[in-house]
Protein chains: 2
Amino acid sequence: MFEVPPIGRVESPLTDPASAPKQGDEGAPEAWLIFEAHVAAGLRDIEPGAELLLITWLDRADRDVLTVHPRGDHTRPPTGVFSTRSPDRPNPLGLHRITVRSVEGLRLRVADLEAVNGTPIIDVKPVLPTQAER
Amino acid sequence: MFEVPPIGRVESPLTDPASAPKQGDEGAPEAWLIFEAHVAAGLRDIEPGAELLLITWLDRADRDVLTVHPRGDHTRPPTGVFSTRSPDRPNPLGLHRITVRSVEGLRLRVADLEAVNGTPIIDVKPVLPTQAER
């Protein structure tokens, strides 16, 4: 069992998971990522235009669910959660590809994030460059 | 603080993080993912050929590190960990793109995984299809 403290939170106009876009490229508004002061040094090389993978903890998810109807569509057959992006799953990590619009200290303004307001942030990684650019 | 139990483990010929490839497409051997019996229903739609994102817990990482020399190269300037794929970071999640070669119940044989033997598995997600295919 690992202990995972949030390193920040999402600040977004989206508040209702049911009406939020299912993926960030399906019409998500701009949002802010607000980080804890103690991780500031880890953020210092993030610049506007950066393409990042944001990992969140989907704290409203049901961790006992192992099969779902994909995208909540009951005409689709029940599917194992590890073949879907359902938030309901044993360890409800959200994985979001985002673009940084601006940086203001511990606050990053980002595009294409479908996570709702208050969602805890667990980690941030760069989208991998090509092998030659690593 | 969230509590995250592993849902499985990596079984790999790689045992030494220092000599393992830094990314799965840099010469990683085949490996097995061995899942806990209680998540079996979540795996049932994973088939050979599936492209997955595996999320692991890098249990040998140093969680107090906020800046690193990218790829351990000391000629490169110290960089904030959230702009790198360093395993050392506050919440040491590993993100690995893998291809399933075969499925044997709770065991998946996979290609392109650089995680070392025994690495705990936290979550598995499909690589997102194009919007039209969702």
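Where a number appears in this text, it was derived from the coordinates with a stated rule and is not lab data. Bear in mind that the values here come from a model prediction, so they are computed numbers and not experimental data. Glycine also receives a Cβ, built like all others from the backbone with ideal geometry; neighbour counts cover every protein chain displayed.
Calculated from DSSP H runs of 4 or more alone, at -39500 (n - 2.57) each and per residue, what is the 222 nm mean residue ellipticity of chain A, nearest 500? Each step should come with its number before you reach the end.
Numbers: 1 runs with 4 residues, N = 134.
Taking each H run of at least 4 residues, the total per residue is -500 deg cm²/dmol.
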### Query
Mind checking the alpha-carbon convex hull of the stretch A:16-120 and giving the volume per residue in Å³?
108 Å³
### Message
List the lysines whose Cα sits under 27 Å from the Cα of residue A:22, skipping any in the same chain fewer than 8 residues away.
### Response
A:125, B:125
### Query
Distances from residue A:63 to the same residue in each other copy, label points 7 Å out along Cα→Cβ, in nm, shortest first?
1.5
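Over all residues in B:119-125, what is the mean tally of Cβ atoms on other chains that come within 10 Å of each residue's Cβ? Each step should come with its number before you reach the end.
On the way: counts 0, 2, 1, 5, 10, 6, 10.
Whole-number average of other-chain Cβ neighbours for B:119-125 is 5.
Evaluate peptide A:83-96: per residue, the Cβ atoms of other protein chains within 10 Å of its Cβ; return the mean as an integer.
Details: counts 11, 4, 6, 2, 0, 0, 6, 10, 13, 3, 8, 2, 7, 0.
Across the residues of A:83-96, the mean count of other-chain Cβ atoms within 10 Å is 5.
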### Message
I'd like the mean, over residues of B:69-81, of how many other protein chain beta carbons sit within 10 Å of each residue's own Cβ.
### Response
2
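What order do you get for B:69-80, A:34-45 when each peptide is scored by the mean count of other beta carbon atoms within 10 Å, highest first? All intermediate terms of the calculation are to be shown ahead of the outcome.
Working: B:69-80: 12.3, A:34-45: 16.3.
Put in order of decreasing packing, that is A:34-45, B:69-80.
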### Query
By per-residue mean of other Cβ atoms within 10 Å, what is the highest-first order of B:81-91, A:54-64?
B:81-91, A:54-64
### Message
Which of rounded, prolate or oblate describes the protein assembly as shown when judged by the alpha-carbon gyration tensor and an a/c cut-off of 1.5?
### Response
oblate
